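Chemist: Here's a structure for you.
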Amino acid sequence: MAFELKQNLKLTQQLIMTPQLQQSIKLLQLSRLELVDTINQELEENPLLEEQFSDNDPETEIIPELDNVKVETKTKEITGEGDGKEDFDWDAFLEDFGPMGVPYNHEDTDAPPLENILTKTTSLSDHLLWQLGLSRFTGEEKRVAKQIIGNLNNDGYLMATPEEIASIENVNPVMVEDVIRNVQEFDPHGVSARDLKECLLIQIRFLDVDLSLPGKIVENHLKDLETRNYNNIARKLKVSIDDVKQAASVILKLNPKPGLLYNEERAQYITPDVFVFKVGDTYRIILNDDGLPKLKISNFYKKIMGGIKNNGEEKSKAYIKDKLQSATWLIKSIQQRQKTIYRVSESIVEHQMEFFDKGINYLKPMVLRDIADDVEMHESTISRVTANKYMHTPRGIFELKYFFNSGINRVGDLQIASQSVKEKIKEIISGEDDRKPYNDSQIVSILAGLGISIARRTVAKYRETLGILPSSKRKKYF
């Protein structure tokens, strides 16, 4: 067998994910809050990046159009290669900025200290521990009670068994049961219950009404109550249907998740990325830059580098060049992100003009390819742009993904957006008789009368998406 060496020439094309491209893709899919956090982190890590507080700042050099800027040229300007300036005046710098580079505030103010204006909402555990501190528990009972409170979930239910708590605190499980019953009397009523039945029974004990029938229903007929099978409950308990309805009305006023009253997960407020205003017969699109730090490249390090005369000069200048390049790429990526969001938003407004003029019933079916072809970008890019981005319009605030939906056939080979069909279903159900709610088949017939052809299973799917119960559970008896 003979061995020989050969050289082969082969041409191939390969997509290389450069650090700049990776950064641009990452920034593109970030939400507004995530972008602000990323910018603030870069401001901390990169000394050449500074936040622009004023448009007229003679001490800093801003890059308004980065497409025409050469990184190498900027690096030479900032590092001060070739000029022989005097050493930097550190005394003047420390006088104005302090040792950590933070500007001193020389003005007297009557504002309270920052630590005195910060607030914190009361959590469920804080509320229960406060009540525990006012109780007459022994030291051992308080330790057990803290274990119980620490094992409650967000709904207020106890997730640990008495045996588990007893083994941790090295006490008798019977004693743990006694402490659990005492904690169950804390506010809100129903906390530290093991299941829904126990939670409701605890709350019933604190109601100032005749609770024998509601208690029996919760104790033995909770499944029939869930399905609203009042006739079955009345037959088993040998009471009238009216008595069952009255007891059910009392039970329905109870809170099945008492812990949510002190849930720390509060409502998240949305800050739109884009504003759409109607001016005359046209719509104007404005990017929301409020609260978004404006970055600039400081000229401060040019002065510092001009005063470096020791042997570490080349190493220091190499560090400055690297940080300058990183800062420039970040600013360019942010500018490109904003430009892309604007173009995509502009295309969405053009495609959905009737929606903005007339409302939800005129929302058109639209897919990512429609916008991608219009702005000459890939569908994956459009998907990243529309993720976690919100648009403030005269019709309300919508996520950009809201405008992308499939189509449902109508009479005459026309199509209607699936979101519009969901809105129609919501309108039909909101106008129904509570005592005789529409079932899914009846909703299909009503939509057919409006020229919308849709299957019953699709109605059920849309109804579940909207969080609407089936007709059997929407029916009201009182």
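Chemist: Just to be sure before I move on: is Glu350 touching a residue at least 60 places away in the same chain (Cβ under 8 Å), of a type in the set (D, E, K, R) and under 19 Å from Thr393 (Cα atoms) in the structure I sent?
Modeler: Details: touching a residue at least 60 places away in the same chain (Cβ under 8 Å): no; of a type in the set (D, E, K, R): yes; under 19 Å from Thr393 (Cα atoms): yes.
Here the answer is no, as Glu350 does not meet what is asked.
Chemist: Cβ-Cβ under 7 Å, sequence separation 6+ or interchain: first residue in region 218-236 and closer than 14 Å to Gln246 by Cα, partner among the basic types (Lys, Arg). Which pairs?
Modeler: Once the first residue is closer than 14 Å to Gln246 by Cα and sits in region 218-236, its partners that are among the basic types (Lys, Arg) give Val218/Lys197; Arg228/Lys473; Arg228/Lys475; Tyr230/Lys245.
Chemist: Then there is this: Tell me which helices (runs of 4 or more DSSP H) are completely within region 363-478 and hold 1 or more residues being β-branched (Val, Ile, Thr) and touching a helix residue (DSSP H, G or I) at 6+ places or on another chain (Cβ under 6 Å), or say none if there are none.
Modeler: The qualifying helices (runs of 4 or more DSSP H) are 368-375, 379-386, 418-430, 440-449, 456-465.
Chemist: Mind telling me which of the residues Ile397, Ile382, Ile428 ends up being of a type in the set (A, V, I, L, M, F, W, C), closer than 29 Å to Phe277 by Cβ and surrounded by fewer than 17 Cβ atoms within 10 Å (Cβ to Cβ)?
Modeler: Numbers: Ile382 fails: surrounded by fewer than 17 Cβ atoms within 10 Å (Cβ to Cβ); Ile428 fails: closer than 29 Å to Phe277 by Cβ.
Being of a type in the set (A, V, I, L, M, F, W, C), closer than 29 Å to Phe277 by Cβ and surrounded by fewer than 17 Cβ atoms within 10 Å (Cβ to Cβ) holds for just one of Ile397, Ile382, Ile428, which is Ile397.
Chemist: Between residues in region 118-130 that are more than 16 Å from Gly156 (Cα to Cα) and residues that are at pLDDT 90 or above, which pairs lie under 9 Å by C-beta distance while being six or more apart or on different chains?
Modeler: Lys120/Asp126
Chemist: Just need a number here: residues in region 352-362 that are surrounded by 15 or more Cβ atoms within 10 Å (Cβ to Cβ) and at pLDDT 90 or above.
Modeler: Going through region 352-362 one residue at a time, the tally reaches 3.
The values are calculated or read from the model by the stated rules, or taken from the named source; none is laboratory data. What you see is a predicted model; the values in this text were computed from it and never measured. Neighbour counts run over all protein chains shown; Cβ positions are idealised from the backbone, glycine included.
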